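Beneath this line is the structure, given in structure tokens, with notes to follow.
The values are calculated or read from the model by the stated rules, or taken from the named source; none is laboratory data. Remember, it's a predicted structure, so these values are computed and weren't measured experimentally. Glycine gets a Cβ as well: all are built from the backbone with ideal geometry, and neighbour counts include every protein chain shown. Keep in mind that these areas ignore ligands, DNA and RNA; they rest on the heavy atoms of the full protein, side chains included. Shrake-Rupley method; radii C 1.70, N 1.55, O 1.52, S 1.80 Å.
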Amino acid sequence: MLTSKILTSSLVLLATGLCCADVDGQRRRRTSWRDRSSLKHILFVSDQKFESEALANAKYSIFVPKSYDAKENAQKRYPVVYFLHGMLEDQNRFGSRGGSKVLDDAIAKKVLPEVIFVCAYDGNRRSFYVNSRNRLVETMIVRDLV
């Protein structure tokens, strides 16, 4: 009985410590997100609107390799990754959670090839990326954004 209480207390303390550590880490990442000059291999373009027959408030943010506009790469084809944010988040969440730095480092270390990284936004934050009667979110992504 005493052993289970000690174990339970230890797990609670460990979980609390992990949660607190994560919150501190997120604060640091949010702060570093403001300084985009640290990105060496990708460029970030935020809050782009686009024409969508399926959805009126369609936006995206995009990361492109810095070599994308180079004349010698005019015919180069880049892989594209579409990032779908979590509930109550938006197209800038990937970068604000530290994802842009991870992406930049992965490209620098050649863990990933140069990629175009698109972060979609449906104007709702809780669509689960499926069509409903009055919101065609899946169609907006699959047909209009791609």
- prompt: Looking only at residues in region 55-90 that are acidic (D, E) and under 13 Å from the mean Cα position of the chain (by Cα), which one is surrounded by the fewest Cβ atoms within 10 Å (Cβ to Cβ)?
  reply: E89
query: List, please: which pairs have Cβ atoms under 7 Å, are six or more places apart or on different chains, and start with a residue in region 81-103 that is of a type in the set (D, E, K, R) and end with one that is outside any helix (DSSP H, G or I) and crowded, with 17+ Cβ neighbours inside 10 Å?
result: D90/Y121; R93/H85
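With the condition being of a type outside the set (A, V, I, L, M, F, W, C) and either at pLDDT below 85 or in contact with a Cys (Cβ under 7 Å, 6 or more places away or on another chain) (or both), I'd like the strands (runs of 3 or more DSSP E) fully within region 38-146 carrying at least 1 qualifying residues. Walk me through how you get there before you give the answer.
Working: elements: 42-49, 59-65, 80-84, 116-121.
Output list reads 42-49, 59-65, 116-121.
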- prompt: Does F128 meet the test of being on the phi > 0 side of the Ramachandran plot and either surrounded by fewer than 17 Cβ atoms within 10 Å (Cβ to Cβ) or in contact with a strand residue (DSSP E or B) (Cβ under 6 Å, 6 or more places away or on another chain) (or both)?
  reply: yes
query: Can S96 be described as open to solvent by less than 30 Å² (accessible area, probe 1.4 Å) and either within 22 Å of K49 (Cα to Cα) or over 13 Å from the mean Cα position of the chain (by Cα) (or both)?
result: yes
query: Hey, among the residues in region 99-125 that are of a type outside the set (A, V, I, L, M) and within 22 Å of N57 (Cα to Cα), which one's most open to solvent (accessible area, probe 1.4 Å)?
result: R125
